[in-house]
1. Determine the shape class of region 320-361: with a ≥ b ≥ c the square roots of the Cα gyration tensor eigenvalues, call it rounded for a/c under 1.5, and otherwise prolate if a/b is greater than b/c, oblate otherwise.
2. Suppose only helical runs count, i.e. DSSP H with n ≥ 4. What mean residue ellipticity at 222 nm does that imply for the chain under -39500 (n - 2.57) per run, divided by all residues and rounded to the nearest 500 deg cm²/dmol?
3. Students often check this: by mean Cβ neighbours within 10 Å, which of 294-304, 67-77, 259-269 ranks highest, and how do the rest follow?
4. Would any residue of region 265-302 have its amide N under 15 Å from a label point 7 Å out along Cα→Cβ of residue 142? List them or say none.
5. Assuming R0 = 22 Å, what is the FRET efficiency of residue 95 and residue 339, from their Cβ-Cβ distance, to the nearest 0.05?
6. Let me make sure I get this right: for region 130-270, a, b and c are the square roots of the gyration tensor eigenvalues over alpha carbons, sorted descending. Under 1.5 in a/c it's rounded, otherwise prolate if a/b > b/c, else oblate. Which is it?
7. If a/c stays under 1.5 just call it rounded; otherwise compare a/b with b/c (prolate if a/b is bigger, oblate if not). Do that for region 202-264, with a ≥ b ≥ c from the square roots of the Cα gyration tensor eigenvalues.
8. With label points built 7 Å along Cα→Cβ from the Cα atoms of residue 352 and residue 106, find their separation and express it in nm.
């Protein structure tokens, strides 16, 4: 089992000049974790925290654990980037203290989480990042794709790079007759769910499948986790996949058509979609799950985006664990925590109005009766 632990990643962050240890006279960051999550003085918190879930959060989680650990040296935090589905399952079973998830819990998962918690389980949107359509194709540096073309590629209907539909999106490009090799996730994935949700909403005629965390087509190229997809696409020629943009490395990242323009998968463009979206109705008072407006035509908005959540119990049976979780997610939501994620993972820091809602939800975390 792959886990991220503070001792290892603190050295990594220090080596890359991203260490977040605060100076003695630095002001405490905003957010619910000010007193013990990210302030300048070491806290008296002690214990262990374990989380599991979205591999998309891995780079950000490294930075969060390091920053939190610098102010809380007696707290050991580990994270298993096993995938969103696995994280939600482990959380519902009580195997971990929180889950990282690129998708909202379904009714069955929510029921399991509430039974485990003995209270509501709530989503905190703390990692916002574009999902890039990544590709490896020699001499093609500025690929542009409409939603219907992306759907045709991943539904395996478009099989060559010089297909007329790809040419129509790229009239000035010289496209080879190389075979198109789409690569999808082999594991249940929130990234897959967000990607297929985009295709089903924006290009339903070309994508005859429902949104799902499990890839709907059999056969073809697949890989485990975000890193597996990136590695597989990197190792081929004519390959194309989907992955958190922060982990795309040297691969090409396609511009996606929104309205009449093609938009790069930037953090800023991804963050704009949350402004246009609404919260999922019918959830608990402090739940901050969103129904994303994938079909936006707003200028400068990138629609293939994941809003990745930290899922926590609103009340923990053990008061110490409740305090630890509250402090940790308080640090993550703070300006310092969001800046750390932006520097380490290229994610979009949550905006101030969203932070106000997040901090109110974090404040509700405590011990059960």
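1. Details: a/c = 3.34, a/b = 1.42, b/c = 2.36.
Cα axes put region 320-361 in the oblate bin.
2. The helix-only estimate for the chain comes to -10500 deg cm²/dmol at 222 nm.
3. The packing order, highest mean first, is 67-77, 294-304, 259-269.
4. It comes to 265, nothing else.
5. Values: r = 31 Å, r/R0 = 1.40.
So, using R0 = 22 Å, E works out to roughly 0.10.
6. It comes out rounded by the Cα gyration axes.
7. On the way: a/c = 1.95, a/b = 1.11, b/c = 1.76.
It comes out oblate by the Cα gyration axes.
8. Here the modelled spin labels are 4.1 nm apart.
Bear in mind these aren't lab numbers, they're just calculated from the coordinates by the rules spelled out. What you see is a predicted model, and the numbers here were worked out from it, not measured in a lab. Neighbour counts run over all protein chains shown; Cβ positions are idealised from the backbone, glycine included.
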